[in-house]
Amino acid sequence: MTIRYDRPVSRSAFLSLQLGFFSAGMLVLVVLAHRFGPLKAPDFIALVLLSGIPAALAVPLALIGLARLWSVGALGGISALKALIYASIPLALIGFGAFRYFDRPPIYDVSTDLIDPPEWLAVPDADQRWLTRPPVTGASRELQYAAYPGLTGRRYDGALDRVYEAVRKVVGQDRLEIVASRGQEYALPEFQPQAAGVPEEEDAGALPHSVPVPQPRPEPQVAPVSAETEPEGTVRIQAKTRTLILGLPFDALIRLREEEEMTLVDVRVESRYGPHDLGMGAEIAEHFLHMLDAELLGVAGD
């Protein structure tokens, strides 16, 4: 007589698979809605944290299922392994964010000029909701210097127009979208009129080709004073960007200043939401400056 052995079923393993699949699917939908849809960063962060709850529950249930497989040969081993894979996706993202949160300084605004940071052309204003943040102070600048001592401005042995052209090129390559600029007229090449040819000799008794036409004397006018002007030799470009995968929004400002035969470039980057940029602001600024160095290779000063 044939004896058939009925293997027990590990319900915890199958439940862990459902929880793990739900958490991974929720994370994917949230990322897509934030990266390509209308979901704002505060809601995105809250939903990412919520996706970690079923993932955290799936892990011990999957381990129980594997233990049951080892001890009594219960069904559900493959489901438990799949559950661990699914749950690892949101947990890895949350774990990476937590590591950055405690490893990087609690700042959201970085600048290459700590004494005189570039001023925004239009101050970024976003509804922070539950991600309230303090104002930028001298203490936050000190935290930045301690964490990123190498984040400094650039000094190039080149005219303002040449550096400005390179900055505009790098802005396009670095996925930065310009939203405002001021002072770009200082970066235009100097206008040089074409050399006039030698005038043809005319008869002394010939009538002139044109005669002056009397015009009414213009009334004196007061030149308008504009508050939207830059100091001479200064250009500011404000742009916005988003991180490649998660689409976290950042605002950036690039300032160019001409000093004698050199041009100084400073960059300021601010996270649009939250009191902590997880170190991404400094990475955006450094990446832009490295690309600018490569574009202006050979003209960097000391």
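The values are calculated or read from the model by the stated rules, or taken from the named source; none is laboratory data. Quantities reported herein were computed from a predicted structural model and do not represent experimental measurements. Don't worry about glycine lacking a Cβ; one is built from the backbone with ideal geometry, like all the others, and counts go over all protein chains shown.
Taking the listed residues 257, 242, the one that is under 20 Å from the mean Cα position of the chain (by Cα), in the same structural domain as residue 144 (by TED's automatic domain parsing) and of a type in the set (D, E, K, R) is 242, with no other qualifying. The residues of segment 252-293 that are in contact (Cβ under 8 Å) with a residue 12 or more places away in the chain and among the acidic types (Asp, Glu), listed by number, are 258, 259, 261, 266, 270, 277, 286, 293. Being part of a strand (DSSP E or B), modelled with pLDDT of 95 or more and within 20 Å of the chain's Cα centre (by Cα) is a property that holds for residue 266.
Tell me which residues, restricted to segment 110-137, are farther than 21 Å from residue 274 by Cβ and either of a type outside the set (Ser, Thr, Tyr) or out of contact with any strand residue (DSSP E or B) (no Cβ under 9 Å at 6 or more places or on another chain) (or both).
Taking segment 110-137 and keeping what is farther than 21 Å from residue 274 by Cβ, we get 112-116, 118-119, 121.
Those that are farther than 21 Å from residue 274 by Cβ and either of a type outside the set (Ser, Thr, Tyr) or out of contact with any strand residue (DSSP E or B) (no Cβ under 9 Å at 6 or more places or on another chain) (or both): 113, 114, 115, 116, 118, 119, 121.
Anything in segment 125-182 that is under 16 Å from the mean Cα position of the chain (by Cα) and small (Gly, Ala, Ser)? List them, or say none. 126, 172, 180 - these are the residues of segment 125-182 that are under 16 Å from the mean Cα position of the chain (by Cα) and small (Gly, Ala, Ser).
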